[in-house]
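Working notes for the structure below.
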Amino acid sequence: MRESGADPRPCLIDGVAVPTPDAIDVLDPSTGRLLDRVARGGAAEIDQAVTAARAAYAGWRGRSAESRAGVLRRTGELIRRDLDDLADLESHDTGKPLAQARADTGVAARYFEYYASVVEAFFGHTLPDLDGYLAWTRHEPYGVTGHIIPWNYPLQIGARTMAPALAVGNCLVVKPAEEAPLSVLRIGELALEAGLPPGVLNVVPGLGAEAGAALAAHPGIDHLSFIGSVPVGEEVAAAAARNIVPVALELGGKSPHVVLPDADLDLVVPTVVRALLQNAGQTCSAGSRLLVHAEVHEELMGRLEAALAAVRIGPGPADLDLGPLISARQLARVTGMVEAAAGTAGPRIGGPGRVPTPAEGFFFPPTVFDRVDPAAEIAREEVFGPVLATSVFKDADEAVALANGTAYGLIAAVWTTDLDTAHHLVAELRAGQVYVNAYGAGGGVELPFGGFGKSGYGREKGFEALAEMCQTKTVVMRVPPRGGGPR
Ligand code: NAD
């Protein structure tokens, strides 16, 4: 926490601090009290940032991949140098338990390191056997790219979208979320310290409807990356369409675990609990649906109840199992959805009023609804809280129908020891990532990630993110016909 009365943290444009007349209060979700204040950037600051990025573009793009990679690698080193401070900042800013914030910080460093490495092996194709012509492809950066970031994993998602864009030679304008902007501003500062030229990475904190909308609509932006909710994704995509620029949308999910009767429940239970509690369920890929075969349903529910009874709830920096939600608004949203779902029966495990939570801050307890109606809101819509909806199935076909029964398709998990069943479900599940006897894989830096259906389009992470941040240029050169000999 900074001293009260300190100036709001400014925008970072063209390598210098740019204050704004108004500021945004940033609250600590674990206490509900003021944590810091940041600049409230708007259309003017976005315009200034786009101009700075455009001016920096020729120089950054003109560098060798090796030279750009050096700056990225150094940024990763500086993130690791400051890991304790960054993790502490992220834990206060988002409310996530400190161990999760530390893991996020390590993953953020890894994005810079990974893209520093792979960009040097990212090359085009030579097209074979064209009589009289030689043809090849080049990956070229878009130019100035816009990045709109959510509050749930600012460090991790910030690094995930920034690092590949920078690696291939784009210059960036980044708009962090108003609820948790602090760590993205720090990454901007660390990248400058690492030697990134001024203007290559500009960070403009501000409100979604102001700075976010101005960035999405700016005619000087050549590619947009948006990570956030479906309704705002629609608006950003519409703005991009008006400027005829591509957009990558990473939106929400309602990701299922599919548990077959032969699953190893010793593995299932802790993984389901972790996937439910991580970041208080405010994870786009949260495992928020549990689809269980009738044969193992009661046993699994009993084990889940025992595991959730042991969950310790408290402020992020206290580093327990479950921290608060991000804001009073998010708490009201989760409470409203749970009340609407409760009906007469209420949740089977946990739930508000039954599990004590700290009096201060925006806490919500783990809550499990059992045998939900697949048509109900709680079974179809993203809650973005520690809330699980379970359904029972009789065979693999019914499991697939349930799993694919929402508009989303971000990730899914299959729990079985039978290889044939696993292969069948992997092919049938509608999701951008499918795990077998696992859920998530650390940060998954190397694993292409993105949605089917309303979870969005475009891919982040892995090699595919480099392609996402580039456009292909095909080059054709006339050469002497084969057999014609030297001229
Ligand atoms: P949000 O859509 O409200 O906000 C995301 C970002 O968009 C913020 O920076 C916000 O300021 C900005 N924004 C808001 N209104 C805007 C507008 N009109 N124009 C341009 N920008 C605008 O989402 P959120 O509440 O911050 O995050 C929660 C949602 O994000 C969930 O639905 C979650 O699933 C999704 N999410 C998806 C992924 C993924 O990778 N698929 C990752 C994290 C979060």
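If you place +1 on the Cβ of every Lys and Arg, -1 on the Cβ of every Asp and Glu, and leave all else neutral, what size is the dipole of the chain about its Cα centre, to the nearest 20 Debye?
1280 debye
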Counting Lys and Arg as +1 and Asp and Glu as -1, each charge on the Cβ, what is the dipole of the stretch 256-436 about the Cα centre in debye, to the nearest 20?
-> 720 debye
Could you tally the net charge around residue 315, taking each other residue with its Cβ under 10 Å from the Cβ of residue 315, Lys/Arg +1 and Asp/Glu -1?
-> -3
257, 423, reordered so the largest accessible area comes first (probe 1.4 Å) = 423, 257
Projected onto the charge dipole of the chain (unit charges on the beta-carbon of Lys, Arg, Asp and Glu, signs +1, +1, -1, -1), the Cα from 124, 150, 429 with the largest positive-side position is that of 124
Scaled radius of gyration (Cα, divided by 2.2 N^0.38 Å) that the chain gives | 1.02
Evaluate the Debye formula for the stretch 256-436 with equal point scatterers sitting on the alpha carbons, no solvent, and hand back log10 of I(q)/I(0) at q = 0.12, 0.13 Å⁻¹, in q order, two decimals.
-> -0.52, -0.62
In whole percent, the fraction of accessible protein surface over the stretch 256-436 that belongs to carbon or sulfur atoms, probe radius 1.4 Å, stands at 53 percent
Quick one: compute the contact order of the stretch 256-436, relative version, from alpha carbon pairs under 8 angstrom and 6+ residues apart, as a percent.
-> 28 percent
Report, in whole Å, the centroid distance computed from the Cα atoms of the stretch 67-105 and the stretch 414-487.
-> 27 Å
Extreme residue, positive dipole direction of the stretch 256-436, given options 372, 318, 414 (C-beta unit charges) = 318
Eligible aspartates and glutamates near residue 454 by straight Cα distance, threshold 16 Å, same-chain separation 8 or greater = 234, 235, 250, 377, 381, 382
Give the cross-link partners of residue 175 among the aspartates and glutamates, using a straight C-alpha distance below 12 Å as the criterion and excluding same-chain residues fewer than 8 apart.
-> 45, 210
Length gain on complete extension for the stretch residue 395 to residue 407, per 0.36 nm per residue less the alpha carbon to alpha carbon distance?
-> 2.1 nm
For the chain, report the accessible area per residue in Å² (1.4 Å probe, heavy atoms, rounded to an integer).
-> 40 Å²
Please identify the trypsin sites (Lys or Arg not before Pro) of the stretch 78-176 that satisfy two criteria: DSSP loop assignment and at most 12 other Cβ atoms within 10 Å. Which are they?
-> none
Dipole in debye (nearest 20) - the stretch 142-227, about Cα centre, beta carbon charges: Lys, Arg +1; Asp, Glu -1 = 140 debye
Ellipsoid semi-axes in whole angstrom, largest first, where each is sqrt(5λ) of the Cα gyration tensor of the stretch 177-241 = 24, 15, 9
Quick one: Cα centre-to-centre distance for the stretch 112-146 and the stretch 297-370, in angstrom?
-> 48 Å
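Per-residue ellipticity at 222 nm for the chain, helices alone: DSSP H runs ≥ 4 residues times -39500 (n - 2.57), over residue total, nearest 500 deg cm²/dmol?
Helix contribution divided over all residues of the chain: -12000 deg cm²/dmol.
The values are calculated or read from the model by the stated rules, or taken from the named source; none is laboratory data. It should be emphasised that the depicted structure is a prediction, and the values quoted were computed from it without experimental measurement. Cβ: placed from backbone, ideal geometry, glycine included. Neighbour counts: every protein chain shown. The protein model used for the area step is the full one, side chains on, heavy atoms only, and it has no ligands, DNA or RNA in it. Shrake-Rupley method; radii C 1.70, N 1.55, O 1.52, S 1.80 Å.
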